[in-house]
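Structure, as structure tokens:
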Amino acid sequence: MNQADIIDRLEQIAEGAIARRGRSIALKQDTADARRHAAVAGLQATILPRFVRFSNAQNDSATLSVNNGRVAEITDVTINGTIENLADATALQIAEVLMKVCTREGVELDSSAPNDADDIATKGIYASDIKAAFEEISVDAPAEEQAPVQETATPEEPPTVAPPPPPEPEESPAEPEKAAGKSVSGLAADFFASVTKIGDQRVLVAHDDKSVAGPDGILTQNIDVVQQLMDDLSAWEDDSDHGGTAPQLVIMRSQSQDMPSLTICRDSDATAMTAHPTRKLGSVVQLWKTLTTQQKSS
């Protein structure tokens with residue numbers, strides 16, 4: 001992972017950021033084929049435990065429990081006004097449901113966090129297996145619907161791979177570096193101090209005085225881009241019904257395993273960012289779970 005790759009990734013994120021006023025994402029692709037592939041790309045990009053609901057303008061819908069790009073369960077399936085029970089669903093059955101929902105217009109994706117992350121199993125059906133199942137389904141659609149199209153609204157992810165072993169547990173997070181002479185405490189500061197084994201490019205920005213801490217590197221040298229991302233996140237919080245000051249982990253996953261990903265940890269006091277190899281996403285999630293568990297028990 002070189003510095004040019006990190007700069008390119010930061011610029012792509014900053015230029016591609018689009019504000020929206022709700023949690024729903026409209027899948028506006030022109031064809032059903034493009035919409036269902038965009039739906040699978042959304043599942044592949046879901047790293048943290050989430051309930052992902054797909055719906056259309058005709059009230060067809062399905063809710064998938066997703067964790068680390070795997071579908072643990074599919075519930076609340078309604079197709080043509082009929083409720084379907086798909087306990088222990090296969091990749092083919094999930095693909096069939098997504099195809100039915102995405103065939104019609106007005107398809108939306110809505111993602112929400114569970115009350116407890118442990119409510120969603122870490123094992124399940126890979127999104128790439130669901131994508132492969134599409135090929136087994138005979139699609140009764142006009143020829144022009146089958147023409148290849150370029151997906152622009154939601155870029156397609158590479159197949160999900162198993163995450164690496166979690167980082168070795170530490171007795172306690174290291175003391176965070178001073179930001180302009182002032183010590184910053186909280187979950188974001190702990191994340192900044194503990195993420196050194198995952199990525200050496202990191203920065204911590206205090207919310208009150210915008211002071212910066214971190215080793216000399218791409219993130220600290222491009223603090224204007226870092227600040228723009230912070231402003232975008234703050235604007236999203238103001239415009240949405242998120243509310244509260246609960247800590248957040250935002251993962252901006254690269255489309256390629258060869259390009260770095262960016263992870264942002266925020267709380268009421270500061271924002272921490274780290275650029276790291278995409279293959280270390282599993283370690284990032286494990287670190288987040290460790291720190292939040294420590295915070296709850298303290």
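Take the residues in the stretch 74-95 that are out of contact with any Leu (no Cβ under 6 Å at 6 or more places or on another chain) and buried (at least 18 other Cβ atoms within 10 Å of the Cβ), then tell me which one is farthest from Arg279 (Cα to Cα).
Step by step, filter the stretch 74-95, then rank; the result is Ala89.
Quick check: is even one residue across the stretch 78-85 touching a helix residue (DSSP H, G or I) at 6+ places or on another chain (Cβ under 8 Å), β-branched (Val, Ile, Thr) and over 17 Å from His37 (Cα atoms)?
yes
Yes or no: Asp140 over 30 Å from Lys210 (Cα atoms) and modelled with pLDDT under 50?
yes
I want to confirm something. Restricting to the stretch 51-72 and keeping residues that are more than 18 Å from Ser128 (Cβ to Cβ) and among the charged types (D, E, K, R), which single residue is surrounded by the fewest Cβ atoms within 10 Å (Cβ to Cβ)?
Ranking the qualifying residues of the stretch 51-72, first place goes to Arg53.
Within the stretch 281-298, restricting attention to residues that are out of contact with any helix residue (DSSP H, G or I) (no Cβ under 9 Å at 6 or more places or on another chain) and either assigned to a loop (DSSP other than H, G, I, E, B) or not polar (S, T, N, Q) (or both), which residue is nearest to Phe191 (Cα to Cα)?
Val285
What's the total number of residues in the stretch 169-205 that are modelled with pLDDT of 50 or more and not basic (Lys, Arg)?
Count: 21.
For the stretch 50-126, give me every one of the strands (runs of 3 or more DSSP E) that falls completely inside it and has 1 or more residues that are outside the structural domain of Lys289 (by TED's automatic domain parsing) and in contact with a Gly (Cβ under 8 Å, 6 or more places away or on another chain).
It comes to 50-55, 61-67, 70-79, 108-112.
Being under 20 Å from Leu281 (Cα atoms) and of a type in the set (S, T, N, Q) is the filter here; which residues of the stretch 113-135 pass it?
Listed by number, the residues that qualify are Thr122, Ser128.
Which pairs have Cβ atoms under 8 Å, sit 6 or more apart or on different chains, and link a residue in the stretch 210-224 that is buried (at least 20 other Cβ atoms within 10 Å of the Cβ) to one that is of a type in the set (D, E, K, R) and modelled with pLDDT under 80?
Ala213/Glu177; Ala213/Lys178; Gly214/Glu177
The values are calculated or read from the model by the stated rules, or taken from the named source; none is laboratory data. None of the values given here were measured: they were computed from a predicted structure. Note that each Cβ is placed from the backbone with ideal geometry, even for glycine, and that neighbours are counted across all protein chains shown.
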